[in-house]
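Asks: Just dropping this structure here.
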Amino acid sequence: MKWKHSALAVFAGSLLGFAVLSQPIETHASPRIIQVTAKRFAFEPAEITVEQGEPVVLVLKSMDVAHGLRIHELNLDIKVSKDATTQAPFTPAAPGDFVGHCSVFCGSGHGQMTLTIHVVKKS
Amino acid sequence: MRRAIQLAWLFSVLSIEGCKANPPGTLETRFMTKAKHSLFIGNKSQKNPIASTTENIAAGKEAFSHYCAACHGMDGQNTGVPFADRMSPPIPSLASKEVQSYTDGQIKQVIDYGISPSGMPASKGILSDEEIWSIVVFLRHLPPAGSLGEPEMYSH
């Protein structure tokens, strides 16, 4: 009878241990910081590459007038005041090439001011 | 020699008179409106790729207020634009039947390439395609005349 109790206790302990160890371990990977400058009428760099699922913080700095960056597919909509810096976090869910435009009218070349984000599959 | 001077003087007077921005007559207005709708402004069949959502109307309103409002007013109906009726042809209300009867594709064409002869400039490249289409959406949902006030530049 005693050995039955011991066996049950060992079995229950194993189950508990398995349940605890099989819990997903939360990780807080620090996001990748990418700095982009905006100046009439270009973003620098004009193209960046990130991995699918990679947390990113885009830091946008204006070198002259107010600018913006809008990329619908990535839910990015940033505005930056004259000579200021602003940042926006995003995590690209799907691979692809996404073209963003300056979203604050900044002059004659405003419509050609683009930033392309290439999202590649995680290697 | 005297005749040549007289002719030169007459030519000068006519040239100066011809440069004045006189309002067009009824016949000229009717003829040009018909010609623009059916002949000069193409791209009738292109559809707007942007849906008429609240967000897109707001985006179009924002782009319009930065770029177009100087001549068309914040409301697209010339509110507060002091020279709107001094141009030849006068700046039309964008809520008018004359403008609203263009297709979305035609309005895109007008914004892209402007209208000659008129004061409407070509804006392709100055505005992105997405902004221009969002402006077309906004033009289909214009607010009541005067409801957005006048462009800031005319109130200082």
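The values are calculated or read from the model by the stated rules, or taken from the named source; none is laboratory data. Note that the structure is a prediction, hence the values are computed from the model and not measured. A quick note on method: Cβ atoms are made from the backbone with ideal geometry, for glycine too, and the neighbour counts reach across all protein chains shown. Heavy atoms of the whole protein, side chains included, go into the accessibility calculation; ligands, DNA and RNA do not. Shrake-Rupley method; radii C 1.70, N 1.55, O 1.52, S 1.80 Å.
Asks: Out of the residues in segment B:115-127 meeting the condition of being surrounded by fewer than 18 Cβ atoms within 10 Å (Cβ to Cβ) and more than 14 Å from chain A (Cβ to nearest Cβ), tell me which one is nearest to A:CYS106 (Cα to Cα).
Replies: Among those that are surrounded by fewer than 18 Cβ atoms within 10 Å (Cβ to Cβ) and more than 14 Å from chain A (Cβ to nearest Cβ), it is B:GLY119.
Asks: Can you tell me which residue within segment A:89-98, out of those that are surrounded by fewer than 20 Cβ atoms within 10 Å (Cβ to Cβ) and away from chain B (no Cβ under 13 Å), is farthest from B:ALA58 (Cα to Cα)?
Replies: Within segment A:89-98, the match that is farthest from B:ALA58 (Cα to Cα) is A:PRO95.
Asks: Please go through segment A:99-123 and pick out each residue that is surrounded by fewer than 18 Cβ atoms within 10 Å (Cβ to Cβ) and within 14 Å of chain B (Cβ to nearest Cβ).
Replies: Here is the first cut: in segment A:99-123, the ones surrounded by fewer than 18 Cβ atoms within 10 Å (Cβ to Cβ) are A:99, A:107-109, A:112, A:114, A:116, A:118, A:120-123.
Within segment A:99-123, A:VAL99, A:GLY107, A:SER108, A:GLY109, A:GLN112, A:THR114, A:THR116 qualify.
Asks: Anything in segment B:18-43 that is hydrophobic (A, V, I, L, M, F, W, C), open to solvent by less than 100 Å² (accessible area, probe 1.4 Å) and at pLDDT 80 or above? List them, or say none. Working first, answer last.
Replies: At the first step, the residues of segment B:18-43 found to be hydrophobic (A, V, I, L, M, F, W, C) are B:19, B:21, B:27, B:31-32, B:35, B:39-41.
Keeping just the survivors that are open to solvent by less than 100 Å² (accessible area, probe 1.4 Å) gives B:21, B:32, B:35, B:41.
Once the filter is applied, which keeps residues that are hydrophobic (A, V, I, L, M, F, W, C), open to solvent by less than 100 Å² (accessible area, probe 1.4 Å) and at pLDDT 80 or above, segment B:18-43 yields B:MET32, B:ALA35, B:ILE41.
Asks: When B:SER134 is evaluated against the numbered criteria (1) in contact with a His (Cβ under 7 Å, 6 or more places away or on another chain); (2) touching a residue at least 40 places away in the same chain (Cβ under 8 Å), which criterion, by number, is the only one it fails?
Replies: Unmet for B:SER134, out of (1) in contact with a His (Cβ under 7 Å, 6 or more places away or on another chain); (2) touching a residue at least 40 places away in the same chain (Cβ under 8 Å): (1).
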